[in-house]
Amino acid sequence: MNKILLGLALLLATNLHAAPLVKIDPGQQEALGIRTIAVEPVSRAWDSAYPAKVRVPNAQLMVISAPQEGLLTRLQVAEGEPVRKGQLLAIIQSPKLVEEQRLYLEALSRLGLARAGLNRDEQLKAEGIIAERRFLETRARYTQTRTEVDQRRQALLLAGMDKAAIKELEKEHKLTANLQVRAPMDGMVLEQLAMPGQRVEVASPIYRIGQLDPLWLEIHVPLEKLDTVTVGTAVKVEKPKTEGRVITIGSMIHSKDQGVLVRAEVSNPERSLRPGQFVEAQLAQMGDESSWRVPRQALLRVEGKTWVLVEKEGGFLPVAVTVSAEESDALIIKGELKPGDKVAVSGTAALKAAWLEGEG
């Protein structure tokens, strides 16, 4: 009895491998609701989705800090607001700024006197009235004073005064304690780090500003999948919809999930992605001549193998395939198919029953 059962099992396996034509005429096909679709050659397939975190690229991120100590009297923007380069962000009342302005004006006065002295001694030297040594000493004093003015001017720039404000100071000689903090670039206020009325020290953070297009995706890819990823591999996110490419592949394996950090750059023109957001990212895989895209419902499982039913004259031929990648609404398969082949995508249960019944 056991030998008979074993013989039947081997016969069934042989018949399944041979996969004879399942004969169905057009009338039966219509009655059973059998519908077909052409297989699609694949030049690029999308792998399973991996969790990814959205980040602002380092070069597009800037912390706005207090250039001088003082009292933060006003904040002009808040988290979530767009800003333009040069826009006023905050005002700090800084006694230190008044002192820097005073020192600059004093240096300017000394420079005026030094310039007048140099002009006078140049004339006297030309007339032979003074010695060369005195002229050189006068010129050295002028050079030293000019250097001091440059230093004081640079100190005002570092303190937050722009060139227009410095020119106004030179013209009017009017000191001010109000230090204006302006945006160094276009961007979005990501975080407000201080409050009005707060005393701030030099370099105390006030705002964090970032440019939100493009953005980075930090994707944790399983180690066993890493051999299909290279710099330049295409990446896509379905919700919200965007695409990009891999720019770096990490070297360290993370202990929590044994994944490797893959960083991709994606476009974000509609600002639909937000820093800190978690999304699902898919990595592209290159197809070959035997790769095809089919709907999920086209596949059958019989005796531990995966099959599709290919429409032929007079019926359907079972063809064994393997699944190489999964997409959100389709599968990428490899098998002995050719362009133009049509596979059954509905009524497959009836076809499977007819196939197995015919084998029996």
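Structure data summary
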read-out	value
Accessible area (Å², 1.4 Å probe, nearest 10) - residue 253	70 Å²
Distance between modelled label sites at residue 267 and residue 135, nm, 7 Å Cα→Cβ extension	6.7 nm
Kirkwood Rh, angstrom, the stretch 88-204 [1 / mean 1/r, Cα pairs]	17.0 Å
Residue 55 accessible area, 1.4 Å probe, all protein chains in place, Å² to nearest 10	80 Å²
The stretch 307-360: C-alpha gyration tensor shape, a/c 1.5 cut-off, then a/b vs b/c	prolate
The stretch 155-234 pair-distance distribution - Cα-Cα, 10 Å bins, rounded %	12, 28, 23, 16, 12, 7, 3, 0
Nearest 10 degrees, 0 to 90: helix 95-126 Cα axis against the chain principal axis	60 degrees
Pairwise centroid distance, computed over Cα atoms, of the stretch 107-147 with the stretch 156-208, Å	37 Å
Probe 1.4 Å - accessible area at residue 115, Å² to nearest ten	100 Å²
Helical contribution to [θ] at 222 nm, DSSP H n ≥ 4, -39,500 (n - 2.57), averaged over the chain, rounded to 500	-9500 deg cm²/dmol
Rounded accessible area per residue of the chain, 1.4 Å, Å²	57 Å²
Extension gain from residue 123 to residue 277, taking 0.36 nm per residue of separation minus the Cα-Cα distance	48.2 nm
Rg/Rg_globular for the chain, with Rg_globular taken as 2.2 N^0.38 Å and Rg from C-alpha atoms	1.84
Exposure rule at most 15 other beta-carbon atoms within 10 Å, DSSP loop GluC sites (Glu not before Pro): the chain longest free segment	1-78
Accessible surface, 1.4 Å probe, highest first, among residues 346, 109	109, 346
Two-site FRET efficiency, residue 329 against residue 59, from Cβ-Cβ distance with R₀ of 41 Å, rounded to 0.05	0.65
Convex hull projection area averaged over all views, the stretch 77-147, Cα basis, nm²	7.4 nm²
Environment charge at residue 86 (Cβ cut-off 12 Å; Lys +1, Arg +1, Asp -1, Glu -1)	+2
Normalised convex hull volume, the stretch 251-360, alpha-carbon set, Å³ per residue	193 Å³
Residue with peak Gaussian network fluctuation, the chain [Cα springs, cutoff 10 Å], from 324, 290, 251	251
Proximal aspartates and glutamates relative to residue 225, as straight alpha-carbon distance under 17 Å, when same-chain residues fewer than 8 apart are discounted	47, 257, 280, 326, 327
In degrees, nearest ten, helix 348-359 long axis to first principal axis of the chain (Cα)	40 degrees
Cα→Cβ-extended label distance, 7 Å offset, between residue 175 and residue 31, nm	10.4 nm
Within straight-line cross-link reach of residue 171, lysines at Cα separation under 28 Å, skipping those fewer than 8 residues along the same chain	85, 96, 163
Cross-link pairs beyond the 26 Å C-alpha cut-off, checked among 23/338; 241/334; 236/305; 312/352	241/334; 236/305
With every protein chain in place, the chain: carbon and sulfur % of accessible area (1.4 Å)	52 percent
Candidate aspartates and glutamates for bridging to residue 125, where Cα separation is under 14 Å - those fewer than 8 sequence places away on the same chain excluded	137
Neighbourhood net charge (13 Å Cβ-Cβ; Lys/Arg +1, Asp/Glu -1) for residue 166	0
Rounded to 10°, Cα long-axis angle of helix 132-158 versus longest principal axis of the chain	40 degrees
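The values are calculated or read from the model by the stated rules, or taken from the named source; none is laboratory data. Since the model is a prediction, treat every value here as computed from it, not as a measurement. Every residue, glycine as well, gets a Cβ built from its backbone with ideal geometry; the counts of neighbours run over all protein chains shown. Note: areas computed on protein heavy atoms with side chains; ligands, DNA, RNA excluded. Shrake-Rupley method; radii C 1.70, N 1.55, O 1.52, S 1.80 Å.
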